[in-house]
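One structure is given here, and the rest of the page talks about it.
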Amino acid sequence: MDFRLDKHSDLPVVTQLQVQVKIALLLGQLRPGDTLPSIRDVERQLGIGRNVALQAYRGLEQSGIVKLHHGKGVLVRKHLSYDRKRSRSRKIEDLVNDVLRKAEERGLMPSAFGRYVYQRAIEAESAQPRILYADVGKAIAGERAAYISNFWRINIPSVSLDELAEMPPAKLHSVSKILTNYVRFDEVRAIVKRKRIEVIPLGLIFTDEAVAEFSHLPRNSSVCFIFDDRDFPWLKLIAQPYKRILTDSSVKFIPKPLSKVRNIAKLAQSKLYSCVVISNRLWENLPESIRKMPGITRPQLHIDPASLEEVRIRAGVIV
């Protein structure tokens, strides 16, 4: 992974490095188990002090994203090591065998008993969810939770970050795990930090629609990316991965905070930009008439299936 620094950014260098790691994980450019540049390499590459690079990595280590190993460098944490997965699988197999044996001892057909237990489990999880998916807005959280539910063939309810922050402790009592994406990982952890809930980050990949939409942009064209002021300037760093993954290298990405945009509709009609991308935090509050305008779009990403498979056992899901 190559780090980049924006000398004109309001973000401290430490934060810029940390956000770039999270975005690389978010978009699958980094995966659990990958090695990051050493502290010395970051120091040489960017011309920054050793303590700055160390502080950035230490912060990511405290978030549970990386692990600093003496002599081995900096590794993205493997949340599922093979040995742990195998150990968990053995325990699950032992539990299944024990339940089947006890069902037979009581004269019950194991398959019929299994259907009964499944129905009871569905009812219990509907009344008291064990896993939630949280994201920046209600609609985007619902879309991504539906994708996870379909992939794992279980029901994963969704909440927006605002809903999660306002949720009474009694409603969170049964929740043991919350899924979110890497960019919102620290935000979710801060909301539930005293509730003994494990937060599991997931990566995202661009949809086929997004790939098609951006691959047809003309050479030397410009794209305006509008962010909520709460997410700007740190989330503007996602513009570079967008450019590397989706577009011709000549395409320019211009990030703007919403407070600097007087009229989104007029901006789209001005022809200054081939495309105007509205961040997901803002998208849900836009009038339908603006969302349907030609040239206006939003980040179209869904949960990375490989990321779901990596965390499946950790989330307690057997498929």
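Just so it is clear, none of the values below were taken in a lab; they were calculated from the coordinates. Quantities reported herein were computed from a predicted structural model and do not represent experimental measurements. Cβ sites come from the backbone with ideal geometry, for glycine too, and all protein chains shown count toward neighbours.
Using Cα positions and a limit of under 16 Å, work out the lysines in reach of Lys78, with same-chain residues fewer than 8 apart set aside.
Within the straight-line cut-off, Lys78 pairs with Lys22, Lys67.
Which lysines have a Cα less than 17 Å from the Cα of Lys252, not counting those fewer than 8 places away in the same chain?
Lys236, Lys243, Lys271
Report the FRET efficiency, 1/(1 + (r/R0)^6), for Arg312 and Thr15, where r is their Cβ-Cβ distance and R0 is 30 Å, rounded to 0.05.
My answer for the efficiency is 0.45.
Using amide H atoms built 1.01 Å from N in the peptide plane, name the residues 5+ places from Leu179, or on other chains, whose amide H lies under 5 Å from its own.
Under 5 Å from the amide H of Leu179 lie the amide H atoms of Leu132, Tyr133, Ala134, Ile200, each far enough along the sequence or on another chain.
Just subtract the alpha-carbon distance of Arg90 and Ser270 from 0.36 nm times their residue separation and send over the number in nm, one decimal.
Residue separation times 0.36 nm, minus the Cα-Cα distance, leaves 58.6 nm.
Fully extended, how many nm does the chain gain between Asn155 and Lys78 (0.36 nm per residue separation, minus their Cα-Cα distance)?
Working: separation 77, 0.36 × 77 = 27.72 nm, distance 2.58 nm.
That pair, Asn155 and Lys78, stretches by 25.1 nm at full extension.
With contacts defined as alpha carbon pairs under 8 Å and 6 or more residues apart, what's the relative contact order of region 13-76 in percent?
39
For region 273-311 and region 138-152, write down the distance between their C-alpha centroids in whole Å.
14
Can you list the aspartates and glutamates whose alpha carbon sits under 16 Å from that of Lys102, skipping same-chain ones fewer than 8 residues off?
Of all the aspartates and glutamates, those that pass the test against Lys102 - Cα under 16 Å, at least 8 places apart if same chain - are Glu93, Asp94.
How far apart, in nanometres, would the label points at Glu198 and Arg101 be if each is projected 7 angstrom from Cα along the Cα-to-Cβ direction?
My value for the distance between the label points is 2.7 nm.
If neighbour count is taken as other Cβ atoms inside 10 Å, put Met167, Met109 in order from fewest to most.
Met109, Met167
Relative to the Cα centre, what is the charge dipole magnitude of region 13-76, using +1 at the beta carbon of each Lys and Arg, -1 at the beta carbon of each Asp and Glu, and rounding to the nearest 20 debye?
My answer is approximately 80 debye.
Counting Lys and Arg as +1 and Asp and Glu as -1, each charge on the Cβ, what is the dipole of the chain about the Cα centre in debye, to the nearest 20?
For the chain, the charge dipole is close to 560 debye.
Can you compute the modelled spin-label distance between Ser215 and Leu5, with each label point 7 Å from Cα toward Cβ, in nm?
3.7
What is the sum of charges around Arg44, taking Lys and Arg as +1, Asp and Glu as -1, for the other residues whose C-beta is under 14 Å from the C-beta of Arg44?
With Lys, Arg at +1 and Asp, Glu at -1, the neighbours total -1.
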